[in-house]
Amino acid sequence: MTPTATSPGRPGPSAPSVPPGPTTTLLRAPGPTVSLPRPPGPVTTALRDFWAEDRRTVPAPVLVGITVSGLAGGILVVGHRPGLGIGLVGLVVWGAAVPALLRRRAVGDLATAALCVALVAVVAVRDAGWLVGLCVAAAAVVGATAATSARSAPAVLLGVLSWAAGGLRAVRWLSRSAGELVGPRRAQALVVLRSVAVTAVLLLVFGLLFAAADLVFASYLRVDLGLLPGRVVVGVLVAVLAATLAHLALAPPAWSTLGLPPARPVSRGEWLLPVLALDAMVLAFVTVQVVALLGGHQHVLETAGLTYAQYARQGFAQLVAATALTLVVVAVAARRAPRETARDRLVTRAALGVLCVATLGVVVSALHRMSLYVDAFGLTRLRVSAVLAEIVLGLVLVLVLVAGVRWRGGWLPRAVVHVAAAALLGLAVANPDAMIVRYNVAADPGADAGSRTAAALDVTYLQGLSADAVPTMAELDEPLRSCLLAGVEVAPASGGLAGWNLSRAQAHSTWSDGSHRSLVTGRC
C-alpha cells in the first residue's frame with residue numbers, strides 16, 4: 001500500500017522513476033526546426049583573414065624603403081635598355097620586406113627571396129630575351145612564394161594570385177596609415193601639398209621657357225620631359241610593388257593552412273594492381289632502352305627501321321609527358337593508398353618507389369635521345385629549354401623519393417620552387433646562346449672546330465642569336481669567325497649605369513676592334 005501523506009521525521013515520496021527499457025523517447029513541442037549556421041570553411045576563413053583590417057600603421061623605415069623603391073624604379077628603369085637598373089630595382093624593392101622576414105626568423109623565406117633577386121639580376125648579365133623573360137617570370141612566382149610564406153602546393157599557386165590582391169590590400173594599408181599620420185594636421189598637410197604643387201608648376205614652366213631661350217642653359221638641365229610621365233607611372237607601380245611585398249611579409253596570408261580534403265583510402269588491392277602494372281611497363285620500357293643503347297645504330301635500324309636521329313626525334317616529347325604523368329600518378333596513389341598499418345606503408349613505399357626509380361630511367365632515356373638528336377641536327381634554344389624541363393622533372397622525382405622515405409612531404413612544394421629557380425639560374429650561368437654556337441661548330445663529324453666551314457652550319461640562325469654569343473664567335477678560327485660576326489647586329493654600348501649589361505658590354509668590346517671586317521664576307 002502506497003502512503004498518501006508523509007509521516008513526521010520521514011522523507012517525502014520520491015518522483016516516479018522511468019522504468020528501464022531499451023530506449024527513451026523525448027517528445028518535442030511542435031514548431032519550426034531551427035538550423036544553426038555552418039561554421040566557415042578554411043577557404044572562407046583564410047580569405048576573411050586576408051582582407052581583415054590591419055590596424056598597424058606603416059613603420060617609418062618601411063615607408064622610407066617604399067619611397068626609395070619608387071624613386072629608383074622611375075629613374076633606373078624608364079629611358080634605359082634592360083640592364084643593371086632593373087637588377088638594382090629588384091634588390092631595392094625587397095628592402096622594405098626583409099625586416100619583417102628577419103623578425104619572423106623565416107630563414108627559408110629569406111633564401112627564397114634571395115633566389116628571386118638573383119633571377120631578376122639575370123637582366124644585367126644576359127642579353128637573350130627568351131632567357132631573361134623566363135627568369136623574370138620565374139622571379140614573380142618565387143617572390144610570391146617568399147612573401148606569402150607558402151608551404152603547400154595550393155599556397156604556391158595562390159601566392160601568384162596574391163600579387164594583385166596584395167597590391168590592393170597594400171594601397172588600403174598606405175592610405176589608412178597616411179590618414180592616421182595626418183590626423184588633426186590635415187589643414188597643415190593641405191597647405192604643404194599646395195605649396196609643393198605650385199613650386200613644381202613654376203619650375204616646370206620657367207624651366208621650359210629658359211631652356212627654349214638658351215641652348216647652353218638647356219644643356220645643363222639634362223632633363224627629358226618626354227620621359228617624365230613614364231617615370232611617374234613606373235615609379236608609382238614599383239612603390240606599390242615594394243609596399244605589397246612589405247605588407248605580405250608583415251601579415252602573410254594563411255594559404256599554407258589550406259589543403260586538399262582528406263581522400264578516402266581504398267583497399268590495398270584496388271590501388272596496388274594498377275601501380276604494379278605501371279611499374280612493370282615502365283621497367284620493360286627501360287629494359288628496351290638499355291638493349292637499344294648497347295646494340296647501337298645497327299640494332300635500331302634492323303629492329304625499328306629508323307636511323308638513330310629519327311629514333312631520337314620520335315620519342316622525346318612523349319617521354320617528357322610520361323615523366324610528368326608519373327608525378328601525377330604518384331600524387332594520386334599516395335593520397336588514396338591505405339596507411340593505417342606498417343605493412344600498408346611499406347607496400348606503398350615499395351610500389352611507388354619502384355615507379356619513381358624506373359621513371360628516372362625514362363628521364364635518362366629522354367636525355368639520351370635528345371643528345372642523339374642534337375648530334376644530328378644541332379643545338380637550338382628550344383632544345384636547350386626542353387632538356388632543362390626534363391632535368392627539372394627528374395630532380396622533382398628525386399625529391400619525391402626523399403619525401404617518401406619518412407612519408408613527410410611538407411617541405412616538398414617549396415623545394416620544387418627552389419629547384420626550378422636554381423635550374424634557371426644555372427642555365428643563365430651556362431650562357432645558352434654561346435653554348436649553341438660552341439656546340440654546333442664542334443658537332444661536325446670528322447672535322448674539328450677550326451676546320452669546319454660555314455657551309456655546314458645554319459649561319460642565319462647563329463647570326464640571329466643575342467649578344468651573349470658574340471665573344472664565343474670571336475674565338476672561332478677564320479673564316480668562320482668573320483662570317484658569323486659580319487651578320488651579327490650589336491647594339492651600341494649603353495651610356496649610363498642603369499642600362500649597362502655584361503653581355504652587351506663584352507659584345508661591343510669585341511665588335512669595336514673591327515678585325516672581322518677586313519675579310520670578304522661573301523664566303524658565307
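Of the numbered conditions (1) in a loop (DSSP other than H, G, I, E, B); (2) closer than 28 Å to Leu497 by Cα, Ala150 satisfies every one except a single condition; which is it?
Result: Ala150 passes all but (2).
Does any residue in region 452-473 that is more than 21 Å from Ala376 (Cα to Cα) and outside the structural domain of Leu379 (by TED's automatic domain parsing) come within less than 6 Å, Cβ to Cβ, of a residue that is hydroxyl-bearing (Ser, Thr, Tyr) and at pLDDT 85 or above six or more places away or on a different chain, and which pairs are these?
Ala467/Ser503; Asp468/Ser503
With respect to Leu382, is the statement that it is part of a helix (DSSP H, G or I), crowded, with 17+ Cβ neighbours inside 10 Å and out of contact with any Phe, Trp or Tyr (no Cβ under 9 Å at 6 or more places or on another chain) true?
no
I'd like the full set of residues that are in a helix (DSSP H, G or I), out of contact with any helix residue (DSSP H, G or I) (no Cβ under 8 Å at 6 or more places or on another chain), of a type outside the set (Gly, Ala, Ser) and over 27 Å from Leu388 (Cβ atoms), limited to region 318-360.
Of region 318-360, the ones in a helix (DSSP H, G or I) are 318-336, 342-360.
Checking which are out of contact with any helix residue (DSSP H, G or I) (no Cβ under 8 Å at 6 or more places or on another chain) leaves us with 318, 321, 325, 328, 331-332, 335, 342-343, 345-346, 350.
From what is left, the residues that are of a type outside the set (Gly, Ala, Ser) are 318, 325, 328, 332, 335, 343, 345-346.
Within region 318-360, Arg335, Arg343, Arg345, Leu346 meet the criteria.
Condition test on Gly87, is it modelled with pLDDT of 80 or more and either in a loop (DSSP other than H, G, I, E, B) or within 23 Å of Arg172 (Cα to Cα) (or both)?
For Gly87, the condition - modelled with pLDDT of 80 or more and either in a loop (DSSP other than H, G, I, E, B) or within 23 Å of Arg172 (Cα to Cα) (or both) - is not met.
Is there a residue in region 507-514 that is at pLDDT 85 or above and not charged (D, E, K, R)? Quick ask: steps written out before the conclusion?
Step one: list which residues in region 507-514 are at pLDDT 85 or above, which gives 507.
Next cut, not charged (D, E, K, R) only: 507.
Checking region 507-514: at least one residue is at pLDDT 85 or above and not charged (D, E, K, R).
Scanning region 99-121 for residues that are surrounded by 18 or more Cβ atoms within 10 Å (Cβ to Cβ) and of a type in the set (Val, Ile, Thr), which turns out nearest to Ala505 (Cα to Cα)?
Among those that are surrounded by 18 or more Cβ atoms within 10 Å (Cβ to Cβ) and of a type in the set (Val, Ile, Thr), it is Val120.
Each row is one residue, and each column tells you yes or no for (1) surrounded by 21 or more Cβ atoms within 10 Å (Cβ to Cβ); (2) touching a Ser or Thr at 6+ places or on another chain (Cβ under 9 Å); (3) among the hydrophobic types (A, V, I, L, M, F, W, C); (4) within 16 Å of Gly85 (Cβ to Cβ).
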residue: Val123; (1), (2), (3), (4): yes, no, yes, yes
residue: Gly129; (1), (2), (3), (4): no, yes, no, no
residue: Ala137; (1), (2), (3), (4): no, no, yes, no
residue: Val142; (1), (2), (3), (4): yes, yes, yes, no
residue: Pro154; (1), (2), (3), (4): no, yes, no, no
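Tell me, which residue of region 454-484 that is in a loop (DSSP other than H, G, I, E, B) and not aliphatic (A, V, I, L, M) is surrounded by the most Cβ atoms within 10 Å (Cβ to Cβ)? Break it down stepwise before answering.
Here is the first cut: in region 454-484, the residues in a loop (DSSP other than H, G, I, E, B) are 457-458, 464-466, 475-479.
Restricting the remaining residues to those that are not aliphatic (A, V, I, L, M) gives 458, 464, 466, 475, 477-479.
Working: Asp458: 13, Gly464: 13, Ser466: 24, Glu475: 13, Asp477: 12, Glu478: 12, Pro479: 17.
Ranking the qualifying residues of region 454-484, first place goes to Ser466.
Looking only at region 402-435, count every residue that is more than 13 Å from the chain's Cα centre (by Cα) and buried (at least 16 other Cβ atoms within 10 Å of the Cβ) and tell me the total.
If we filter region 402-435 for residues that are more than 13 Å from the chain's Cα centre (by Cα), which is where we start, we get 402-412, 426-435.
Checking which are buried (at least 16 other Cβ atoms within 10 Å of the Cβ) leaves us with 403-404, 409, 412, 427-428, 431-435.
Adding up the residues that qualify gives 11.
Does Leu228 satisfy the criteria of being surrounded by fewer than 16 Cβ atoms within 10 Å (Cβ to Cβ) and modelled with pLDDT of 90 or more? Walk me through how you get there before you give the answer.
Numbers: surrounded by fewer than 16 Cβ atoms within 10 Å (Cβ to Cβ): yes; modelled with pLDDT of 90 or more: no.
In short, no.
Counting only residues that are in contact (Cβ under 8 Å) with a residue 12 or more places away in the chain and within 12 Å of the chain's Cα centre (by Cα), which one in region 156-175 is surrounded by the fewest Cβ atoms within 10 Å (Cβ to Cβ)?
Here the residue is Val160.
Test Val400 against the stated conditions and say whether it is over 21 Å from Gly353 (Cα atoms) and either hydrophobic (A, V, I, L, M, F, W, C) or outside any helix (DSSP H, G or I) (or both).
No: the conditions fail for Val400.
Could you check Arg56 against (1) part of a helix (DSSP H, G or I); (2) surrounded by fewer than 18 Cβ atoms within 10 Å (Cβ to Cβ) and say which number it fails?
Among (1) part of a helix (DSSP H, G or I); (2) surrounded by fewer than 18 Cβ atoms within 10 Å (Cβ to Cβ), the lone unmet condition for Arg56 is (1).
Where the second residue is at pLDDT 90 or above and the first is of a type in the set (Lys, Arg) and lies in region 92-105, which pairs have Cβ atoms under 8 Å and are six or more apart or on separate chains?
Going by the 8 Å Cβ cut-off, there are no qualifying pairs.
The values are calculated or read from the model by the stated rules, or taken from the named source; none is laboratory data. As the structure is a computational prediction, the values presented were derived from the model and not from experiment. With ideal geometry, Cβ positions are generated from the backbone for all residues, glycine too; neighbour counts draw on all protein chains shown.
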